[in-house]
Amino acid sequence: MMPILNTPDATYYEPEYKAAGINNFANLVRTMLNDYGIYHVQFNTVDKAVLIDALDNPEKYPTLMVRIAGYSVYWTDLSRRCQEDVINRTEHKF
């Protein structure tokens, strides 16, 4: 995997953006819990581009793990349909 500073979203990890990103993320979680009554949420921290590459080149990612319904699973153990579903609900920015 490429270092975080080489990713297209590196600005979210630079100091001037980090505090705002953390605050936005915390507000999202608070809103889900307090306003919508959602008591279960899972977060994957894998870049969408990595997941797309892993979909097409699984041999490059034998140890890639993602969260599915509260448990961790190796990417290569998932069906293609499930992998596509994970990709479709992966990318959110703050």
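Rule-based calculations on the coordinates, nothing more; no lab input. Since we're looking at a predicted model, the values are computed, not measured.
With an 8 Å Cα cut-off and a minimum separation of 6 or more residues, compute the relative contact order for the stretch 19-88 in percent.
Relative contact order of the stretch 19-88: 23 percent.
Give me a comma-separated list of calculated 3J(HN,Hα) values for the stretch 31-44, in order, Karplus coefficients 6.51, -1.76, 1.60 applied at θ = phi - 60°, integers in Hz, x for any Gly or Pro.
Going residue by residue, I get 4, 4, 6, 7, 8, 10, x, 7, 10, 9, 8, 10, 10, 10 Hz, with x marking Gly and Pro.
So how much slack lies between residue 88 and residue 22, counting 0.36 nm per residue of separation and subtracting their Cα-Cα distance, in nm?
Difference between extended and current length: 21.5 nm.
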